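J.: My questions will all concern the structure given below.
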Amino acid sequence: MQEHKSILQGRQEQLASTFTQINQLVASDSLDEATEQLSALHYADLADFLDNSSDKICKKILPSLSYNLKPETLVWLSDSSQKSIIEILGIETSAKLLNQLEIEDAIEVIENIDEELKNSIIEKFDNEKKQQILEGFNYPENTVGRIIEKDFVCFRDNLSVRDVLKSIQKEKESKKQDFLAVLVVDNKFRPVGNILLSTLLRSKDEAKLQEIMNTDFKVADSYTDLDELVFIFKQYALTIVPVVNKSGKLIGSVSIDNMLYIIDEQSEKDIMQLGGVQTQDTFSKPLETAVHRFPWLFVNLITACLISIIINFFSDTIAKLITIAAVMPIVASLGGNAGTQGMTVTIRALANKDINKANMYKVILKEILVCGYNGLLLAFIGGILCIFTMKNTDLSIIFAVAVIINFLLAGFFGSAIPIILDRFNIDPAAASGVFLSAITDALGFFTFLILAYYFLV
């Protein structure tokens, strides 16, 4: 592991050195040499260079680089960079590059740019590509229709292995992109199974596809949500999923190699949304990033104001015993952290389809118990510390009781909020954190202050 880490670190340092050298060449107007070095980069590394470069550098280097630019580079660019790079390249060059991409990749790039620019580029595509692109945009975002692969390999179930292998070698299937599995269809072009390429190569020539195909497969349609598709691939360890229309006929597929990127993107999106961030905006302009992050911060402002109202309501209580002000944030902070733990686990379980109507109450009860156990332990430890630091036994007892109550509430709301939001088709990863933070803080302060009001002051 350590050796692998060293190799990776060495690779990153080498790449950083190369980027620095290229920037120096561009700054000194040695564009031919800079172009030569950039052309030698892998398209993913080239995308990283462009992501980290200013518009000024991109405008200087892209005109000469465009002749050797691999189309895949556009796919690997960050969302915020794709628009500016395409504008610098121009409609003609961008259309030429995008026209070489698979349909799902072209859609991924085009959907991130302005409507006017998008339409201008689509008009430059050949008729077949244009029709497929427009068809893809008819489907909602985050559905299979946006990522469907039209370039798939399928055969009738009554063919023999010999017939299939000859067809792959001689016919146009051999010109298709690399594939790991073959889809098998009946006489009505409905999927009836699939066969791994390794299975196909190991089978006897005279064997029929229907004899060796895997019939335990899952299908999707163009409107299947990507989260659902991610679950299907992960749950059943699939290599390929056929996509069908309303009548059950095969219209495309989604393969594991493309699905890996989708899974990564979905996981990244969940992580971003847990932090109240809608997109990965490392390379976005500062103002654009600020606009994206503002909504949830505004919600936080409103909830913080509500909490301040609660604190202000007990201002007389706090004034009579100033040590209350020093202790009460601890109660809210502990409850918030406990609730966040339960919330994170629950959101992950929802994403994996592990929670349903039959077990959701059990999940909530478990989180309440877990928080309760931790609350008891921390209440005892915190109470002892309060005795030694504040020299006030009554305050320590109230602190301990408030911690236990807040932990139980945090366990309930930390698990219940994501489940409730999911039931109302609201993304729990995006909204749970804000609601949970507001509730645990408000209840933490209120519980502690109301106890202090009745039993301490």
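Table: residues versus (1) modelled with pLDDT of 95 or more; (2) in the same structural domain as Ile262 (by TED's automatic domain parsing).
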position	(1), (2)
Leu134	no, no
Thr143	no, no
Ile168	no, yes
Asn187	no, yes
Pro191	yes, yes
Asp225	no, yes
Val230	no, yes
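J.: For the subset of the stretch 106-117 comprising residues that are under 22 Å from Asn258 (Cβ atoms) and not small (Gly, Ala, Ser), which member is nearest to the chain's Cα centre (by Cα)?
T.: Glu108
J.: Here is a check on your reading of the model: is Leu350 within 28 Å of the chain's Cα centre (by Cα), of a type in the set (A, V, I, L, M) and assigned to a helix (DSSP H, G or I)?
T.: Here the answer is yes, as Leu350 does meet what is asked.
J.: Checking the condition closer than 17 Å to Phe435 by Cβ and out of contact with any Pro (no Cβ under 6 Å at 6 or more places or on another chain), which residue from Ala351, Ala325, Ala304 passes?
T.: Among Ala351, Ala325, Ala304, only Ala304 is closer than 17 Å to Phe435 by Cβ and out of contact with any Pro (no Cβ under 6 Å at 6 or more places or on another chain).
Yes/no matrix, rows are residues, columns are (1) assigned to a helix (DSSP H, G or I); (2) under 16 Å from Ile103 (Cα atoms):
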{"position": "Lys130", "(1), (2)": "yes, yes"}
{"position": "Asp163", "(1), (2)": "yes, no"}
{"position": "Gly193", "(1), (2)": "no, no"}
{"position": "Leu201", "(1), (2)": "yes, no"}
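J.: What helices (runs of 4 or more DSSP H), lying completely within the stretch 22-98, carry at least 1 residues that are over 30 Å from the mean Cα position of the chain (by Cα)?
T.: Output list reads 31-39, 55-65, 91-98.
J.: Step by step: first the residues of the stretch 384-403, then only those that are touching a residue at least 12 places away in the same chain (Cβ under 8 Å) and surrounded by fewer than 20 Cβ atoms within 10 Å (Cβ to Cβ), then the one that is nearest to the chain's Cα centre (by Cα). Which residue is that?
T.: The selected residue is Val401.
J.: Here's something else I'd like to know. Looking at the stretch 186-207, which of its residues are crowded, with 18+ Cβ neighbours inside 10 Å and either among the β-branched types (Val, Ile, Thr) or in contact (Cβ under 8 Å) with a residue 40 or more places away in the chain (or both)?
T.: Pro191, Val192, Asn194, Ile195, Ser203
J.: Can you pull out the residues in the stretch 355-375 that are surrounded by 13 or more Cβ atoms within 10 Å (Cβ to Cβ) and assigned to a helix (DSSP H, G or I)?
T.: Met360, Val363, Ile364, Leu365, Lys366, Glu367, Ile368, Val370, Cys371, Gly372, Asn374, Gly375
J.: Further, regarding this structure: Of the numbered conditions (1) within 29 Å of the chain's Cα centre (by Cα); (2) surrounded by 17 or more Cβ atoms within 10 Å (Cβ to Cβ); (3) part of a helix (DSSP H, G or I), Leu378 fails exactly one; give the number of that condition.
T.: It fails just one condition, (1).
J.: Still on this structure, please answer the following. How many of the residues making up the stretch 339-366 are more than 22 Å from Phe407 (Cα to Cα) and of a type in the set (Gly, Ala, Ser)?
T.: 2
J.: If I filter the stretch 272-287 down to residues being surrounded by 12 or more Cβ atoms within 10 Å (Cβ to Cβ) and assigned to a helix (DSSP H, G or I), which single residue comes out as modelled with the lowest pLDDT?
T.: Residue satisfying both the conditions and the ranking: Leu274.
J.: Within the stretch 414-432, does at least one residue satisfy the condition of being more than 26 Å from the chain's Cα centre (by Cα) and in the same structural domain as Trp296 (by TED's automatic domain parsing)?
T.: Checking the stretch 414-432: not a single residue is more than 26 Å from the chain's Cα centre (by Cα) and in the same structural domain as Trp296 (by TED's automatic domain parsing).
J.: Of the conditions (1) in contact with a helix residue (DSSP H, G or I) (Cβ under 6 Å, 6 or more places away or on another chain); (2) of a type outside the set (Phe, Trp, Tyr); (3) more than 30 Å from Glu92 (Cα to Cα), Arg202 satisfies every one except a single condition; which number is it?
T.: Failed condition: (1).
J.: I'm checking my understanding of the structure. Among residues of the stretch 394-435 that are within 27 Å of Ala351 (Cβ to Cβ) and among the hydroxyl-bearing types (Ser, Thr, Tyr), which one is modelled with the lowest pLDDT?
T.: Ser432
J.: In the stretch 235-254, which residues are surrounded by fewer than 23 Cβ atoms within 10 Å (Cβ to Cβ), within 17 Å of Asn214 (Cβ to Cβ) and of a type outside the set (Val, Ile, Thr)?
T.: Of everything in the stretch 235-254, those that are surrounded by fewer than 23 Cβ atoms within 10 Å (Cβ to Cβ), within 17 Å of Asn214 (Cβ to Cβ) and of a type outside the set (Val, Ile, Thr) turn out to be Gln235, Tyr236, Ala237, Leu238, Leu250.
J.: Is it true that Asp225 is surrounded by fewer than 17 Cβ atoms within 10 Å (Cβ to Cβ), under 30 Å from Ala349 (Cα atoms), in contact (Cβ under 8 Å) with a residue 60 or more places away in the chain and among the acidic types (Asp, Glu)?
T.: Answer is yes for this residue.
J.: Just to verify a result, which residue in the stretch 315-333, among those that are of a type in the set (S, T, N, Q) and farther than 16 Å from Asp441 by Cβ, is surrounded by the most Cβ atoms within 10 Å (Cβ to Cβ)?
T.: For the stretch 315-333, the residue satisfying everything is Thr317.
The values are calculated or read from the model by the stated rules, or taken from the named source; none is laboratory data. Note that the coordinates shown come from a computational prediction; the quantities given were computed from them, not determined experimentally. When we count neighbours, we look across all protein chains shown, and the Cβ atoms used for this are built from the backbone with ideal geometry, even at glycine.
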